[in-house]
There are 2 protein chains.
Amino acid sequence: MLNESPDLDRLFHALADPARRAMIARLSRGPAAVSELARPLPMSLPAAMQHLGVLEAAGLVRSEKVGRVRTCVIQTATLSLAEQWINARRQEWEQRLDRLGEYLTSLQDEGGRDD
Amino acid sequence: MLNESPDLDRLFHALADPARRAMIARLSRGPAAVSELARPLPMSLPAAMQHLGVLEAAGLVRSEKVGRVRTCVIQTATLSLAEQWINARRQEWEQRLDRLGEYLTSLQDEGGRDD
């Protein structure tokens, strides 16, 4: 009965933490080394790497090790999935408001004819 | 250091579950009684009400008891907060791609002059 989507579960869960959102915000402006992502966060490097793991598992970030530096890149297509889900809800409620507006207008028109 | 936002934490957490997303999808199409929200879900009424509590705590749903029926209404402004956060990230990465495009074009132009 449920439209099960482990992808969306993992995606929204990944966004439900300020440290992970800070990482995504940083990566939206361009790729960054793990150390650069971790530096502004009020936590140890291993804790930051754990958050990064959640982002990678959700498909929001891909990282690649070149030499001694691991560089992270945002996966914008995955973030778009969350956007699409919310947009679909917005379309539904806007359609509903449109129908409600049409109904109210039709009531007014009928009222006008009664005068 | 972090842009702490317990609102966004609760909001994205609330969306990270298929039963809660199903409730939001239903409420996007109009208000519904709790029993109507719970019926399609593969769980007990108390379990569904617990999910509803998470949605209410996140500010995504408001419910009101009229007589014996508790009716739920989506709070679209709250869902828009999630949309705005993702849109802001999209703008950042699109600006970055624009700058990258301009840079590549400038390289091509320089290459053209060298011929």
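The values are calculated or read from the model by the stated rules, or taken from the named source; none is laboratory data. All values derive from a computational prediction rather than experimental measurement. Virtual Cβ from ideal backbone geometry, glycine too; neighbours counted across all protein chains shown. Just so you know, the surface numbers come from the protein's heavy atoms only, side chains and all, with ligands and any DNA or RNA stripped out. Shrake-Rupley method; radii C 1.70, N 1.55, O 1.52, S 1.80 Å.
Skip the ligands, DNA and RNA, and give the accessible area per residue of chain A with a 1.4 Å probe, whole Å².
Details: 6660 Å² over 115 residues.
I get 58 Å² per residue for chain A.
When the dipole is taken about the Cα centre of region B:5-48, and only Lys, Arg (+1) and Asp, Glu (-1) are charged at their Cβ, what size is it in debye, to the nearest 20?
Details: 6 positive and 4 negative charges, 38 e Å.
Computed about the Cα centre, the dipole is about 180 debye.
Give the relative contact order (percent, whole number) for chain A; include only Cα pairs under 8 Å separated by 6+ residues. Display every interim value, and only then the final one.
Working: 85 pairs, mean separation 28.4, N = 115.
Reported as a whole number, the value is 25 percent.
How many percent of the alpha carbon pairs in chain A exceed a separation of 16 Å? Each step should come with its number before you reach the end.
Working: 4420 of 6555 pairs.
Above the 16 Å cut-off, chain A has 67 percent of its Cα pairs.
At 0.36 nm per residue, and after removing the present C-alpha to C-alpha distance, how many nm does the segment from A:R90 to A:Q108 gain when stretched out fully? The partial results should precede the final answer.
Values: separation 18, 0.36 × 18 = 6.48 nm, distance 2.67 nm.
Length gained between A:R90 and A:Q108: 3.8 nm.
Using a simple spin-label model with points 7 Å from Cα along the Cα→Cβ vector, what separation in nm is obtained for A:L100 and A:E64?
4.9
Placing +1 at every Lys and Arg Cβ and -1 at every Asp and Glu Cβ, with all other atoms neutral, what dipole size does the protein assembly as shown have around its Cα centre, in debye to the nearest 20? The partial results should precede the final answer.
Working: 30 positive and 32 negative charges, 210 e Å.
Computed charge dipole of the protein assembly as shown: roughly 1000 debye.
Which Cα, out of B:S44, B:Q108, B:P18, lies furthest along the positive dipole direction of chain B (beta carbon charges, K/R +1, D/E -1)?
Selected residue: B:S44.
Determine the shielding of peptide B:10-21 by partner chains: average, over its residues, the number of Cβ atoms on other chains within 10 angstrom of each Cβ. Write out the running numbers ahead of the final one.
Details: counts 1, 3, 10, 5, 2, 11, 10, 5, 8, 3, 1, 9.
Other-chain Cβ atoms within 10 Å of each residue's Cβ, averaged: 6.
Give me the net charge of A:V34's neighbourhood, meaning all other residues with Cβ under 13 Å from the Cβ of A:V34; Lys, Arg count +1, Asp, Glu -1.
Values: positive: A:R26, A:R39, A:R62, A:K65, A:R68, A:R70; negative: A:E36, A:E56, A:E64.
Around A:V34, the charge tally is +3.
In terms of the ratio Rg/(2.2 N^0.38 Å) built on C-alpha atoms, what value belongs to the protein assembly as shown? Intermediate results must be reported in sequence, preceding the final value.
Values: Rg = 22.6 Å, N = 230, 2.2 N^0.38 = 17.4 Å.
For the protein assembly as shown, the normalised Cα radius of gyration is 1.30.
Using a probe radius of 1.4 Å on protein heavy atoms only, what is the accessible area buried between chains A and B, both sides summed, to the nearest 100 Å²?
On the way: alone 8360 and 8350 Å², together 13330 Å².
In total, this chain pair buries about 3400 Å².
Looking at the square roots a ≥ b ≥ c of the eigenvalues of the Cα gyration tensor of region A:9-50, which shape do they give, rounded for a/c under 1.5, prolate if a/b is larger than b/c, or oblate?
Details: a/c = 2.04, a/b = 1.24, b/c = 1.64.
The shape class here is oblate.
Which distances, shortest first and in nm, link A:G30 to the matching position in the other copies, using label points set 7 Å out along Cα to C-beta?
In ascending order, 5.2 nm.
Using a 10 Å cut-off around each Cβ of peptide B:46-58, what is the average number of partner chain Cβ atoms that fall inside?
Taking all residues of B:46-58 together, the mean is 0.
Could you work out how far the C-alpha centroid of region A:1-57 sits from that of region B:42-74, in angstrom?
30
Test of understanding: what is the full-extension gain from B:A33 to B:T76, defined as 0.36 nm times their sequence separation minus their Cα-Cα distance?
Working: separation 43, 0.36 × 43 = 15.48 nm, distance 1.76 nm.
Full extension from B:A33 to B:T76 adds 13.7 nm.
Let me know the mean shielding of B:74-85 by other chains, meaning the per-residue number of their Cβ atoms within 10 Å of its Cβ. The partial results should precede the final answer.
Details: counts 4, 0, 5, 0, 0, 4, 2, 1, 6, 7, 1, 6.
Averaged over the peptide's residues, the number is 3.
Hey, for A:P46 with labels 7 Å out along Cα-Cβ, what do the inter-copy distances come to in nm, ordered shortest first?
Its label point is 4.0 nm from the equivalent points in the other copies.
Considering only chain A, pick the residue with its Cβ nearest the axis of the rotation onto chain B, and state the distance in whole Å.
Spelled out, residue of A and its Cβ distance from the axis onto B: A:F12, 2.
Could you give P(r) for region A:33-94, binned at 10 Å from zero, as whole percent values over all Cα-Cα pairs?
Pair shares across the bins are 20, 39, 23, 13, 4, 0.
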